[in-house]
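These notes concern the structure reproduced below.
The values are calculated or read from the model by the stated rules, or taken from the named source; none is laboratory data. Treat the numbers as computed from the prediction; the structure is a model and nothing was measured. Neighbour counts run over all protein chains shown; Cβ positions are idealised from the backbone, glycine included. For the accessible areas, the whole protein counts, side chains as well, though only heavy atoms, and no ligand, DNA or RNA atoms are used. Shrake-Rupley method; radii C 1.70, N 1.55, O 1.52, S 1.80 Å.
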Amino acid sequence: MRDEIREKIQKNSKATYQEIFGKLLVSISIIIILLIVSAIFGFIFSKGIATFTENNAQVKDFFTGTNWNPSMNEKGHPQVGALPMILGSFGVTLLAAIFVTPFAIGTALYITELASKKMKKILQIVIELLVGIPSVVYGFIGLNVVVPFIRENFGGTGYGILAGAVVLFVMILPTVTSLTVDSLKAVPKHYRSASLALGATPWQTMFHVTLKAATSGILTAIVFGMARAFGEALAVQMVIGNASLMPTSLLNPASTLTSVLTMGIGNTVMGTVGNNALWSLALVLLAMSLIFNLIVRLIGRKDIK
Amino acid sequence: MEYNLKDKYILQLNEKEKALETRDLNIFYGEKQALFDGNLQFERYKITSLIGASGSGKSTFLRSLNRMNEGVADVKGSILYRGIDINSPKINVYEMRKYIGMVFQRPNPFSKSIYENITFALKENGIKDKEKLAEIVETSLKQAALWDEVKDDLNKSALALSGGQQQRLCIARAIAMKPDILLLDEPASALDPISTAKIEETLLELKEKYTLIIVTHNMQQASRISDYTVFFHLGNVIEYNKTKNIFTNPKIKLTEDYISGNFG
Amino acid sequence: MKNTKFQNNVAMAIIKLIAAMVVLILVFLLGKILISGVPHISWKFLVTPSKAFTAGGGISVQIFNSFYLLILTLLISFPISLGAGIYLAKYAAKNKITSLIRMVIEILSSLPSVVVGLFVFLVCVVQMQIGFSILAGAIALTFFNLPLLTRNIEESIKAVPNLQLEGGLALGLSKWKTITKIILPEALPGIITGVILSAGRVFGEAAALIYTAGQSAPAVDFTNWNIFDETSPLNLMRPAETLAVHIWKINSEGIMPDANAISAGTSAVLIIAILIFNLSARYLGNYLYRKLTSAR
């Protein structure tokens, strides 16, 4: 006797091919993304090292030299001292992180521990709106508000690392705050109630229990913010003053890796030393973004243990 | 009290009565083994209950029968259906599941209308004729004892139904496919007593046309509706017998203690 | 005892002060942008092309470019993100390869947008010689948008109970069919919210565009809708400065006499557009969600 069902379940059907088709489609999407990322790294790496392999620049000069003038030669090596920009980038990033930390923690504590439902909602909307403001608009406001303010109150031209850091502080504030809120929310409720029941004040509880339990989450939030600050280009470029000099004060015009890149790429010719040196700066940016990623991962791993 | 898990009593059926059979089924979640040497035979047009404490492997076993555990658990051994091993990678699982359907613990209607919940898979199978579809909707809803309650609201969202109605819709959806075997994973555990009673009634009617295998944690339910009962303990099949025998005259001490409520 | 109480009160006051300052920062920013910008917005400003050296230029071309670029970006990035999101949510096995894929996506999302822009500049604009163009800009914005949209779609899909997938599979449907026809419709409100929010981000992005879509907005003929024609607004190969790039450009090298007024007006337009994106994302998401679950 012929068993139709037995035959059917041993043969491919429409569903089998649908499944093959679907798997193919989603795999292609993933492969596209993987290819894009490897291409970004491959191309920028090969362009970035050309300064050293083709133009005979020295890696040591690049990281320690203070003269950025790639088209000029000095004892057979182009002058590619990127230290001023590297310091500029780290300067604005660290300063922005220092500004943002108390604000993010304070606001996050308010949202998670003190605010009424209505205030919570308002602050959440505030944060979402802050996230939405484009970086050029931050730069524009920086140019019109922060720079004149610094000039009038602290002296100098107003342009410089301080102005850059203030603009970046406001830019990364919403990101750092909302990540901090997430990590505070992850602290189990009973930690708090136990501490309060032992007679600790709300502040003692927040400081010794909640913040302590959320330390790694807060650190992650700050590192995320720093990664964004380090890679931000236009807002910083608009207020930093764009002088490739060693930063001697927070109030003098300076430059960052990103600002030199944005200004320079359009003014140099592909394949020249001057252009290659810029790609080396891009490679440093790429490497730093990986390092920030790694730090976040390391903090996360420590947390699991 | 120490029990020897090697003490077993497994009923054997005649070849022609079998709708489904497992041979040496071993199931692993990663390193952890959840089922040991499952050898069971299920009789056609009967209800077989799978009972046991939580973690006994009864749900894992059931979900392996139509390979719903794929990607989650590693199932070794064979599952014989119509003379072939449906646990083989060569089997078309999608086609197979049309004949071995499943109803889940929590009602899971699609967020579509009542009508579409039933016709969605049918249409995928190439049944396009509107009258035919309407007819299948009506018969399957009647079989699931839901027709009278929803016949005027077929275009309403299935999510508007009560939990018990949703579960009966899921049963209707499954039997609309005209399966051979219907697997039910604690279908009444999330429901109130009245809905439970209705579902039990439905199941008793369904067994005239379908082979039913049902996981339940409720021993009264097993004794009320099933013809056969299997008792699972810590991933082992301890006893498989006619329901009457299991509840009145268990062959194994462990079964007896479980049924009399001495543990678990 | 009194000391700790005092300490507590001071700390609480400081926390409240900080939260209030954050609100004030937003109010100040929005106020500043809108108050200094809105007076410059007029119908004429919105429909006149920009001028390089004289006063009285508008932003019509930039507005069109911004929206056109946004639509193109979404057209390219949505299908890829959808595929990748489905893969991560429903197909990816729990193994090393999957965590590697996740890591790569994470890295892409944290790359500075200027680096992404420069990469597209290098590959598309220079090596493939397509020049500063809308197409190159859309590619750069796609790279920038892909990781965020993928993550959003993955999360929206994961928010649909797995029971729905099991329900479909148990009826003999293929996994693909169940995902596309049952799970995606349920995930739609979340996906739409995410797409609109990502649209807001894309809309305001400038760093990735200055060397891809370019910094000039050649006049276009809004009556010519032949996509292959050079003066057509739809032409993919023309350079296309967007609103965000316009603001940057004017502030760094604008020489028109009314540069400050134009950038204030442009900022206000940009912010208003993004506010509309944000509000509609919230509203539409809620609306669809309610509609979908109204029966509950």
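What are the semi-axes of the equivalent ellipsoid for the range B:148-264, taken as the square roots of 5 times the Cα gyration tensor eigenvalues, largest first, in whole Å?
Details: eigenvalues 198, 45, 27 Å².
Over the Cα atoms of the range B:148-264, the semi-axes work out to 31, 15, 12 Å.
Antiparallel as a % of all DSSP beta bridges within the protein assembly as shown, to the nearest 5?
55 percent
So if I average 1/r over every pair of distinct C-alpha atoms in the range C:1-109 and take the inverse, what Kirkwood radius in Å does that give?
Evaluated on the range C:1-109, it is 20.2 Å.
In Å², nearest 100, what accessible area do chains C and A bury in total when the solvent probe is 1.4 Å?
Roughly 6600 Å² of accessible surface disappears when C and A pair.
Just to be sure I understand the curve: with the Debye formula and one point per C-alpha of chain B, what is log10 I(q)/I(0) at q = 0.07, 0.17 Å⁻¹?
Treating every Cα as an identical point scatterer, log10 I(q)/I(0) equals -0.25, -1.34.
Which log10 I(q)/I(0) values does the range A:2-48 give at q = 0.14, 0.27 Å⁻¹ under the Debye formula, counting every alpha carbon as one identical point scatterer?
-0.56, -0.90
May I ask for the Rg/Rh ratio of the range A:83-304, computed from Cα atoms with Rh as the Kirkwood radius, given to two decimals?
1.05
List the pairs from B:Lys151/C:Lys291; B:Lys46/C:Lys181; A:Lys14/B:Lys32; B:Lys6/B:Lys207 whose alpha-carbon separation is above 31 Å, in the order I gave them.
Where the Cα-Cα span goes over 31 Å, the pairs concerned are B:Lys46/C:Lys181; A:Lys14/B:Lys32; B:Lys6/B:Lys207.
Out of the chymotrypsin sites (Phe, Trp or Tyr not before Pro) in the range B:170-264, which ones are loop residues according to DSSP with at most 13 other C-beta atoms within 10 Å?
B:Phe263
I'd like the distance between the alpha-carbon centres of the range B:200-246 and the range B:122-156, rounded to an integer number of Å.
Each part's Cα centre sits 29 Å from the other's.
Mind putting together the pair-distance distribution for the range C:153-208? All Cα pairs, 10 Å bins, whole percent per bin, short to long.
Distribution as computed: 24, 39, 21, 12, 5 percent.
Scan the range C:22-92 for chymotrypsin sites (Phe, Trp or Tyr not before Pro) in coil per DSSP, keeping those whose Cβ has at most 10 other Cβ atoms within 10 Å, and list them by number.
Here the sparse-neighbourhood loop sites are C:Phe53.
Please find, in a Gaussian network model of chain A (springs between Cα atoms separated by less than 10 Å), the residue of A:Gln124, A:Gln237, A:Gln79 whose mean-square fluctuation is greatest.
Its mean-square fluctuation being the largest, the pick is A:Gln124.
Can you return the aspartates and glutamates within cross-link range of A:Lys8? Criterion is Cα-Cα under 12 Å, with same-chain partners fewer than 8 residues away left out.
B:Glu95
Just which residues of the range B:63-103 lose 50 Å² or more accessible area with every protein chain there, against their chain alone, with the probe set to 1.4 Å?
B:Arg82, B:Ile84, B:Asn92, B:Tyr94, B:Glu95, B:Arg97, B:Tyr99
Within the range A:2-48, what whole-number % of the accessible surface is contributed by carbon and sulfur, with the 1.4 Å probe and all protein chains included in the calculation?
Ligands and nucleic acids excluded, carbon and sulfur reach 68 percent.
Report, to the nearest whole %, how much of the accessible area of chain C belongs to carbon and sulfur atoms, 1.4 Å probe, protein only.
Ligands and nucleic acids excluded, carbon and sulfur reach 68 percent.
Considering the range C:96-137, what Rg and Dmax in Å follow from its alpha-carbon atoms?
Answer for the range C:96-137, Rg first and Dmax second: 13.5, 40 Å.
With no solvent and one point per C-alpha, what does the Debye sum give as log10 I(q)/I(0) for the range C:159-296 at q = 0.20 Å⁻¹?
Here the Debye-derived log intensity ratios amount to -1.14.
Comparing the chain by itself with all protein chains present, which residues of the range A:215-257 are at least 10 Å² less accessible (probe 1.4 Å)?
Those residues are A:Phe224, A:Ala227, A:Gly231, A:Ala233, A:Leu234, A:Gln237, A:Met238.
Distance between Cα centroids, the range C:234-296 to the range B:14-43: provide it in whole Å.
So the two Cα centres are separated by 61 Å.
Using protein heavy atoms only (no ligands, DNA or RNA), what is the total accessible area buried between B and A, 1.4 Å probe, nearest 100 Å²?
For chain B against chain A, roughly 1200 Å² becomes buried.
What residues does the range C:25-47 have that are buried by at least 10 Å² of accessible area in the full protein assembly compared to the chain on its own, 1.4 angstrom probe?
Going by heavy-atom accessible area, the residues of the range C:25-47 that drop by at least 10 Å² are C:Ile25, C:Leu26, C:Phe28, C:Leu29, C:Leu30, C:Lys32, C:Ile33.
If you average the C-alpha positions of the range A:42-107 and of the range C:78-146 separately, how far apart do those two centres end up, in angstrom?
That distance is 25 Å.
Based on C-alpha coordinates, I'd like the Rg and Dmax of chain C, in Å.
Over chain C's Cα set, Rg and Dmax evaluate to 23.2, 80 Å.
Taking chain A as a Gaussian network, Cα atoms linked when under 10 Å apart, which of A:Ser29, A:Ser244, A:Ser89 shows the biggest mean-square fluctuation?
Answer for the Gaussian network model of chain A: A:Ser29.
Quote the accessible area belonging to B:Lys251 in square angstrom, nearest 10, computed with a 1.4 Å probe and with ligands, DNA and RNA left uncounted.
Result for B:Lys251: roughly 110 Å² accessible.
Give me a comma-separated list of calculated 3J(HN,Hα) values for the range B:101-110, in order, Karplus coefficients 6.51, -1.76, 1.60 applied at θ = phi - 60°, integers in Hz, x for any Gly or Pro.
Computed from phi, the couplings for the range B:101-110 are x, 8, 10, 9, 4, 9, x, 9, x, 6 Hz.
Note the angle between two axes, namely the Cα long axis of helix B:114-124 and the longest principal axis of the Cα atoms of chain B, as a number of degrees from 0 to 90, rounded to the nearest 10.
For B:114-124 against chain B, the angle is about 80 degrees.
Quick one: P(r) of the range A:215-264 from all Cα-Cα pairs, 5 Å bins, percents rounded to integers, in order of increasing distance.
Using 5 Å bins, I get a P(r) of 5, 21, 23, 18, 14, 10, 7, 2, 0 for the range A:215-264.
Carbon-plus-sulfur fraction of the accessible area of chain B, 1.4 Å probe, in percent?
Values: 5360 of 11510 Å².
That share works out to 47 percent.
B:Ile10 versus B:Asn39, label points 7 Å from Cα toward the beta carbon: distance in nm?
0.4 nm
Within 10 Å of each Cβ in C:6-15, how many Cβ atoms from other chains are there, averaged over the peptide?
5
Solvent-accessible area per residue for the protein assembly as shown at a 1.4 Å probe radius, Å²?
So the protein assembly as shown comes to 44 Å² accessible per residue, rounded to a whole number.
Compare B:Leu184, B:Leu65, B:Leu80 in a GNM of chain B, Cα atoms joined below 10 Å, and give the one with the largest fluctuation.
B:Leu80
For C:Thr48 and C:Lys16 in the same chain, what is the full-extension length gain: residue separation times 0.36 nm, less their Cα-Cα distance, in nm?
The C:Thr48-C:Lys16 span can extend by a further 6.9 nm.
Can you return the aspartates and glutamates within cross-link range of B:Lys156? Criterion is Cα-Cα under 19 Å, with same-chain partners fewer than 8 residues away left out.
B:Lys156 reaches B:Glu116, B:Glu135, B:Glu138, B:Asp148, C:Glu186.
Return P(r) of the protein assembly as shown (all Cα-Cα pairs; 20 Å bins starting at 0; whole %; ordered from short to long distances).
Whole-percent P(r) values from 0 Å outward: 13, 36, 30, 18, 3, 0.
Would you please name the GluC sites (Glu not before Pro) within the range B:21-122 that are DSSP coil residues with at most 14 other C-beta atoms within 10 Å of their C-beta?
B:Glu31
Name the residue farthest towards the positive end of the dipole of chain B from the options B:Gly261, B:Asn218, B:Val72, assuming +1 on Cβ of Lys and Arg, -1 on Cβ of Asp and Glu, about the Cα centre.
B:Val72
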